[in-house]
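*Asks:* Below: one structure in structure tokens.
Any read-out appearing in this document is the output of simple, stated calculations on the displayed coordinates, not a laboratory observation. None of the values given here were measured: they were computed from a predicted structure. FYI the Cβ positions are ideal-geometry reconstructions off the backbone, even for glycines, and counts take in every protein chain you see.
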């Protein structure tokens, strides 16, 4: 894909090494769509209306987030021995940069550090985040670009509903939507939180924890790289009150959010984002026309969060 986006190269991260070998074999990004993004913000977002006249062309932003979060962001080894961060979120960010004429640097950070960075910087953003009433007080969001599912990783029977988690020890990444979901629906559960998904995975593989409640697509990547691991996907009817669509998130009133929101809307409408979802996550996760309608709804009052 032809993109103006600029990336820094980083060595392989400490987290989730067990499935990064899978990532190295994945294909390069899908070709960019040829249509151009409009500059009008056609969907409701929490961004300030004052940002509607902001010219993002020529600006340099910083994309912060975990770079061991397949299939959204992960390290891929190149033929020359260097490493590169790729994935669904990177493909979408590259496409926005190409269409709107800005550049960005990617800085890998763990989840908790990412939140702090976004809160303190008006030139930084992250992706694969859901909006909730608490976050809307501090951050701005674009419309959604992807609808996740909650996965349950075990070394035993497949767990496909909430009842299957009862009486199990559960691992979650601290502060994620899955962490909040589990503590809300199973307040008496034996929940253990960790800084990143690789720690959760290792606890399950070692038999110290019964189940890791995670993002479903991330869970599938871990299953593909770890024989014997089992993934169950919870029905959306059980999780919809807690798990929202994934959005781009930035500091409250960050001036560039309106332009990115509008561009995401164009990419949903012309099918570009579904192309990337099919490539990096799988055809069963594409939205189609229904997804475009859902993603265009306002974030205000959204009761969900990552």
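*Asks:* Would you calculate the separation in nanometres between label points at residue 55 and residue 253, each defined as 7 Å from the Cα along the Cα-to-beta-carbon direction?
*Replies:* 2.3 nm
*Asks:* State, in angstrom, two size descriptors of segment 150-239 derived from its alpha carbons: Rg to one decimal place and Dmax to the nearest whole number.
*Replies:* Final numbers for Rg and Dmax: 11.3, 32 Å.
*Asks:* Let me ask another. So what is the relative contact order of segment 150-239, in percent, for Cα pairs below 8 Å that sit 6 or more residues apart?
*Replies:* The value is 48 percent.
*Asks:* Multiply the residue separation of residue 237 and residue 289 by 0.36 nm, subtract the distance between their alpha-carbon atoms, and state the gained length in nm to one decimal. Walk me through the intermediate numbers first.
*Replies:* Details: separation 52, 0.36 × 52 = 18.72 nm, distance 2.03 nm.
So the extension gain works out to 16.7 nm.
*Asks:* On to the next question. Using the eigenvalues of the Cα gyration tensor, what equivalent ellipsoid semi-axes result for segment 126-170 when each is taken as the square root of five times the eigenvalue, whole Å, largest first?
*Replies:* Whole-Å semi-axes of the equivalent ellipsoid: 31, 13, 9.
*Asks:* Sticking with this structure for a sec: Could you tell me what fraction of 2.2 N^0.38 Å the Cα radius of gyration of segment 168-306 comes to, as a two-decimal ratio?
*Replies:* Working: Rg = 16.9 Å, N = 139, 2.2 N^0.38 = 14.3 Å.
Cα Rg divided by the expected 2.2 N^0.38 Å: 1.18.
*Asks:* Cβ neighbours within 10 Å, averaged per peptide: list 129-137, 141-149, 74-82, 112-120 in order, most packed at the top.
*Replies:* With the highest mean Cβ count within 10 Å placed first, the list reads 141-149, 129-137, 112-120, 74-82.
*Asks:* Compute the length gained on full extension between residue 77 and residue 137: take 0.36 nm times their separation in residues and subtract their Cα-Cα distance, giving the result in nm to one decimal.
*Replies:* Values: separation 60, 0.36 × 60 = 21.60 nm, distance 3.90 nm.
Between residue 77 and residue 137, full extension yields an extra 17.7 nm.
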